[in-house]
Amino acid sequence: MGLRDRAVDAVEEMDRPGCDPARLAATYARFPYVNRALAGWAAVYRGLLRPALPLTGAAELLDVGCGGGDVAAHLHRLAARDGIRLRVTGIDPDARAQAFAQGAGYDAGVRFERATSAAVAASGRRFHAVVSNHVLHHLDEEAFAGLLADSERLLAPGGIAVHNDIRRSRAAYALFWAAAAPLAPGSFIRCDGLTSIRRSYTLAELEAATPPAWEAVARPPFRNLLIHRAGPSTGAGPSTGAGL
């Protein structure tokens with residue numbers, strides 16, 4: 001096994017339709033520990049998301065490929081501490097992820113739907129922020145381009161999209177192999193995390209794959225951010241549809 005090139009054909013166990021449901025549930029349940037420790041969403045929120053959220057009225061955020069929902073819930077809590085009324089929608093096409101997120105007992109300001117970014121964009125709904133966590137490395141070239149195009153369509157004027165993913169390196173692989181050991185038993189955390197690193201982009205690879213309207217940024221120690229800022233507001237807020 002090498003890390004020089006992306007392992008684009010590697011498959012994470014939790015993505016297999018017939019994977020062990022108990023191990024899958026344990027993986028979703030342990031994601032909050034991994035993401036809080038490694039994904040850096042608090043810093044992303046403070047530096048990038050919060051400045052794009054309105055301070056009056058309701059702010060709207062979409063989490064694409066939300067999995068078990070922990071990142072959506074975390075961002076909602078961060079905004080609440082700042083007095084921002086943030087309504088978070090998490091979407092995922094996987095029914096297993098939606099079922100787990102729906103049953104997790106998150107705050108009322110966080111809701112989940114089984115949907116794709118393309119379907120939500122086609123509905124005309126718009127958001128002040130669009131995010132994803134560990135989604136980019138799953139996508140083939142066509143799906144990657146589609147997610148970025150959908151993200152641009154989903155943004156309200158003045159909004160921001162931030163796709164947060166792992167940056168592939170030998171150091172990241174070795175450190176995750178060791179650090180994930182306590183969370184590994186009975187879950188896919190360790191094996192799938194290592195597969196994710198093998199599938200993920202270096203900064204140079206991400207820059208080469210990214211259209212000019214987007215900016216690829218390396219965040220220490222092992223993160224890539226893909227960022228797009230919509231044009232300035234024309235006074236129209238996001239349209240999120242009935243019930244949001």
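Only residues that are within 13 Å of Gly65 (Cα to Cα) and either among the charged types (D, E, K, R) or open to solvent by less than 40 Å² (accessible area, probe 1.4 Å) (or both): list them for segment 96-110, please.
Correct list: Arg96, Ala97, Ala101.
What's the number of the only condition in (1) over 25 Å from Ala43 (Cβ atoms); (2) out of contact with any Phe, Trp or Tyr (no Cβ under 7 Å at 6 or more places or on another chain) that Asp92 fails to meet?
Among (1) over 25 Å from Ala43 (Cβ atoms); (2) out of contact with any Phe, Trp or Tyr (no Cβ under 7 Å at 6 or more places or on another chain), the lone unmet condition for Asp92 is (1).
Is at least one residue of segment 222-243 touching a Lys or Arg at 6+ places or on another chain (Cβ under 7 Å), surrounded by fewer than 19 Cβ atoms within 10 Å (Cβ to Cβ) and modelled with pLDDT under 95?
yes
Considering only segment 50-81, how many residues are within 17 Å of Gly109 (Cα to Cα) and more than 13 Å from the chain's Cα centre (by Cα)?
Total satisfying the criteria: 15.
Being closer than 24 Å to Cys19 by Cβ, of a type in the set (S, T, N, Q) and at pLDDT 95 or above narrows it down to one of Ser151, Ser200, Ser169, so name that one.
Details: Ser151 fails: closer than 24 Å to Cys19 by Cβ; Ser169 fails: closer than 24 Å to Cys19 by Cβ.
Only one candidate qualifies: Ser200.
If Gly18 satisfies all but one of (1) open to solvent by 50 Å² or more (accessible area, probe 1.4 Å); (2) under 20 Å from Asn164 (Cβ atoms), what's the number of the condition it fails?
Unmet condition: (2).
Give the number of residues within segment 25-53 that are of a type in the set (Val, Ile, Thr) and closer than 17 Å to Leu175 by Cβ.
Matching residues across segment 25-53 total 1.
If Gly68 satisfies all but one of (1) at positive phi; (2) touching a residue at least 12 places away in the same chain (Cβ under 8 Å), what's the number of the condition it fails?
Status for Gly68: all satisfied but (1).
Taking helices (runs of 4 or more DSSP H) that fall entirely within segment 127-214, which contain at least 1 residues that are open to solvent by less than 20 Å² (accessible area, probe 1.4 Å) and under 30 Å from Glu60 (Cα atoms)?
Where helices (runs of 4 or more DSSP H) fall fully within segment 127-214 and carry at least 1 residues being open to solvent by less than 20 Å² (accessible area, probe 1.4 Å) and under 30 Å from Glu60 (Cα atoms), they are 141-154, 189-199, 203-209.
Please go through segment 33-49 and give me each residue that is charged (D, E, K, R) and at pLDDT 95 or above, ordered by number.
Arg46
Could you list, in sequence order, the residues of segment 93-118 that are closer than 20 Å to Ala26 by Cα and touching a helix residue (DSSP H, G or I) at 6+ places or on another chain (Cβ under 6 Å)?
Within segment 93-118, Phe100, Tyr106, Phe112 meet the criteria.
So in segment 84-95, with the set limited to residues that are touching a strand residue (DSSP E or B) at 6+ places or on another chain (Cβ under 6 Å) and not polar (S, T, N, Q), which one is surrounded by the most Cβ atoms within 10 Å (Cβ to Cβ)? Give the steps one after another, and end with the answer.
Going residue by residue through segment 84-95, those that are touching a strand residue (DSSP E or B) at 6+ places or on another chain (Cβ under 6 Å) are 84-91.
Retained after the next criterion (residues that are not polar (S, T, N, Q)): 84-88, 90-91.
Working: Ile84: 18, Arg85: 15, Leu86: 24, Arg87: 20, Val88: 28, Gly90: 30, Ile91: 23.
Out of the qualifying residues, it is Gly90.
The values are calculated or read from the model by the stated rules, or taken from the named source; none is laboratory data. These numbers come from a predicted model, not from an experiment. Note that we place each Cβ from the backbone using ideal geometry, even for glycine, and neighbour counts take in every protein chain shown. Note: areas computed on protein heavy atoms with side chains; ligands, DNA, RNA excluded. Shrake-Rupley method; radii C 1.70, N 1.55, O 1.52, S 1.80 Å.
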